Amino acid sequence: MLPSTFKEADKEKEKLKKQMVLKFGVAKFLQDTLESTALTAKRKRSDDALPAQFIEFMNKVRSTGVQPSTEEIMKFSSLFENKSTLDNLDRPQIVAVCKLLGISTIGPDYYLRFTLHLKLRHLAADDKLIQAEGVDNLTVEELQAACRERGMRSLGVSVERLRSQLQQWLDLHLNQRIPTTILLLSRALYLPENISQEKVLKAAIQSLPKAVDNVTAVKLAQVSGERMDNTQRIEYIKREDEAIRKEQADKARTKVLTEAELLKKKLAEQVVIPTTPLDVPKEEILVDTAPVLIDMKPVEKKDEQNIDVRPFETALGQLVKEKTKEVFSTVEGIRGLKADVKDYKEDVKQLEVLTATKQLKHLGETRSAKALSKRIDKLIGDLDQIVQTLDKRQDILKADIKSEEDVLKDSALLKNDQIQQTKDFLTERRNMLVSTQEFVNTIRQIQKASNESNDAQVWDIINQFDHNKDGFIEADEILKALELIGNEKVQISKTHLQEIIGLVRKEHIVEKKVKIDAMIQQQAMNFSELFKVTSRQCSFSPDGEYLACVNQYRLVIRSSTTLEIINLFACVDTIDTIEWSYDSRLILAGLIKRNAVQVFSLDNPEWKCKIDEGSAGLCNVHWAPDSRHILTTAQFHLRITVWSLASKNVSYIKYPKKLSPKSYVFSLTKPYMALVERRNDSTDHISIFDYSANWSMIAHFQPSELEDLQGIEWSPIADVLCLWENSYEYKIVFYTLDGQLLNVYKAENDRLSLGVRCARWSPTGQVIAVGDYEERITIFSYLTYKKIQSSFEHPQKLSSGKGYTILKEEEYNLDEQEKNEHSQRKPYSSAAYSSAAVLQPEPKNAVESKYIIYNGTLQIAPIKPDLDRANPRLGVSSIEYSCSGRYLSTINDTMPNLLFIFDFKPTLHLAFVLIQTQPIRCVKWEPKRDHLALCTHNNRVYVWSPQGASCINLPDESSKHNIDEIKWNNLASSPTVALIGQDSMCVGFIDT
């Protein structure tokens, strides 16, 4: 290779990343410019413009005695902004609001404004959370605390009064859009309680400084595209310049004051000097001779120390760069930018419609905006190409990781340190989090000091970000907190840092709800008509092209996209079971009552095959992975018969043991089958068959550690079998195909424990989750085949304060008004996947449901199992992985209405709990995304994703269709799901 054409991989990758970040920054800047300059006014300022109306209103309120109408007060009160209003308040008004909220009034104006700004943001986030939870769900203590934080009476009033005044606050703030500064000023005036709310707001507006009028008018003109007089602009600029100079002077004056002077000033403001009336004789004046008590305890100055956030900022920047988070954040930013451009274009189209209807004929898109829009489109196109290049390189990296896994699997001579090194290379679950120890080490390098006092202070600060105490912190929380502190440019104490962290965390919850709402509103599900099925027999083909349904003795083959009938096959009797071949070209129909199997071909509909088991009977029937052999199991599991469709030969396998769902499993990587046998001496054996070599037995061994084998699972990435004992003893063993024992796991301390009920390997094969009859989940590693963490018990007492989200289904009646506002529902509503094309008008008093985020503690009453019956409903009955293997869902039979969803990042922990009104019948994960669907034997399907959950009602004509089973189409271009009932089914098409 010539030196001129040689390129190092690392330099090329770094160049590509810099190019992407640079282009994203330019595109973001142009988009911000586009949004701020997109519209221009086509006419000069008029009297009916909003800024002019606002100025006229303020003149009416301040100067004339004319009483404005209620509509005017509500309309113009909502135009004030919290920040601009707070920045222009006088010192007495700032002090009054601080006293109302119980905030110390000591400090310069800019410091009090910073404290009030944090308080206002806290109230704004808290209001949204309270509205989502509902005022009626708050306890008396919570009601009192909420009213006290908002400057309202909290003691000596009834509970109804607390709820009504808090509800009035929420209505004014969230529905009427009245700023919190106006609401707090109205309460700081201490007006009589019998005055109407409109008059209270008018009084609060009258008390505002005149500078607020000018600032608000200028901002309104900038937003609405109206032109303002140069005089008003000059006044606005002068006011801003004066405020900046005053703030700089206050900061300079504060730096000059020593600690002693500050303490003296604080004591002088707190101490009240007694005064002596002139008309009282001196001898009658009482003098307090008692000694003054002095607290000898040393004053804790730790909390008063100012915190320097610069080392934290620099350390986080270095860690983020080391973990290549700038690439991921930029990619996410590109996606957000594309969404902003899409929203902008939709707004322009709406503007054109309004302009055509003469509603906003004076507004139009500027030429510069059109040019910027084209330039942004080109930049986004370039960014897409860069992202695709990075995605391709990521795929290559994944392929390298896969090859490294194969090396680890195939090599049996690796040393322990090499195995650990490879394990560390493959474990990438903590890339998106920052370790607290890494953070501290980086800060030490920056400060070039590691004494104990500094370390203690650093650890104390960092542990505040680690709210769940798992040793990891979210970098986004630190960045937002540092950004907030840096924007205000004030020195903060540890107490302020705690408040900022709590504020950032609460705002993160609110932002998450908003994103969930936006995501839900963008998605939709269209439903097909109902089709008849028999005994819930319905299945998609493995290639995703066909859908097979059974209607008594007829087998109907439809297209999975258009649902048109492609083939119709008739059997000699009622069909009991169907199954597609692995290549999707053949389909079998099992006639259990007739002890027969019929096979049909999609390529040659005239070709037919019939298999008759005769007097041996038929228990079940399945395809082999080669799609050319069929395995039938005789009654009482006397034998397994292998039928070859290619050579028409028949083979018999003896001694199969009766297991649920079947006594054999196939390997995903090799042409092997493992069969559990029960020999005549009442011992269990494992036989390995090679179906590519005429079903010859290649291995045979006896798992002597087990007395009564009840389950078998084959690892998806290795030739390893997981076996377990019956329900009376907890014992799990791992074997290789040649009978080598890898590990035996028993109950801890040899205590008596019920056995394993179900087990599932993850899609990546790195772990296996085991659920037992004692309602626990245990995770085993594929490297050591040992338990990697303590077993998890499904809690009967749920608490939202333990780090997981509780989503509870609630039913409600849909009235006429809600039907008209069907497109403007709250988060987690059934509008998430509603179909505009299929959904018909719903009847009056229609019952729908929605998920609400439950905050608080909830005690679940478990169902007591009937131990006298065979196979009682007890323990973990379902374990399902998401397609990526990150999420795990479980169902505990003693709490059948609950679905527990675990997250493996950074370590296994409970992330969500879904509480349904009815017992869960079926849970299935989407094959291409980490989305989950479940049903509860009603006319709704419930969809969960990491961003939220939604309840979806079927169309009106399908309202009597109760869903008992869900099946996803594995290879469809867009998510498609079959919603199957006892005698009918329909298909749901999800728009992504």
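The values are calculated or read from the model by the stated rules, or taken from the named source; none is laboratory data. Keep in mind that what you see is a predicted model, and the values were worked out from it rather than measured. Virtual Cβ from ideal backbone geometry, glycine too; neighbours counted across all protein chains shown. Heavy atoms of the whole protein, side chains included, go into the accessibility calculation; ligands, DNA and RNA do not. Shrake-Rupley method; radii C 1.70, N 1.55, O 1.52, S 1.80 Å.
Quick notes
- Label-to-label distance, K960 versus R153, with points set 7 angstrom from Cα along the beta-carbon direction: 5.8 nm.
- Counting only heavy atoms of the protein chains and using a 1.4 Å probe, T85 has close to 0 Å² of accessible surface.
- Using R0 = 45 Å, the C-beta based FRET efficiency linking D983 and S781 works out to 0.50.
- At R0 = 30 Å, FRET efficiency that the Cβ-Cβ distance of V847 and L971 yields, to 0.05: 0.25
- Under the simplified labelling scheme, the K654-I863 pair shows an inter-label distance of 4.4 nm, with each label point 7 Å from Cα along Cα→Cβ.
- When peptides 981-987, 652-658 are ranked by their average number of other Cβ atoms within 10 Å per residue, the highest-first order is 981-987, 652-658.
- Peptide ranges 636-642, 941-947, 74-80 listed from the most packed, as the mean C-beta count within 10 angstrom indicates: 941-947, 74-80, 636-642
- Mean separation of Cα contacts under 8 Å, 6 or more apart, over the residue count of segment 62-200: relative contact order %: 34
- Contour excess over end-to-end distance, with Cα ends at K238 and N551 and 0.36 nm allotted per residue: 104.5 nm
- Length gained on full extension, N726 to N604, computed as 0.36 nm times the residue gap minus the Cα-Cα distance: 39.3 nm.
- Long pairs among K657/K797; K99/K202; K532/K850; K662/K924, criterion Cα-Cα beyond 31 Å: K657/K797
- ³J(HN,Hα) computed for each position of segment 123-138 - Karplus, 6.51 cos²θ - 1.76 cosθ + 1.60, integer Hz, glycine/proline x: 5, 5, 5, 5, 4, 5, 5, 5, 5, 5, 7, x, 5, 5, 8, 7
- Computed from the Cβ-Cβ distance with R0 of 41 Å, the FRET efficiency linking N871 to A145 stands at 0.25.
- Modelled spin-label separation between R505 and T683, with each label point placed 7 Å from Cα along the Cα-to-Cβ direction: 5.9 nm.
- Of K83/K506; K593/K864; K746/K967; K787/K905, those spanning more than 27 Å from alpha-carbon to alpha-carbon: K593/K864; K746/K967
- Net dipole in debye of segment 703-793 [+1 Lys, Arg Cβ; -1 Asp, Glu Cβ; about Cα centre; nearest 20]: 300
- Label point at T562 placed 7 Å out along Cα→Cβ; residues across segment 527-547 whose backbone nitrogen lies under 16 Å: 545-547
- A simple count of charges around T139, restricted to other residues whose Cβ falls under 13 Å of its Cβ and scoring Lys, Arg +1 and Asp, Glu -1, yields -3.
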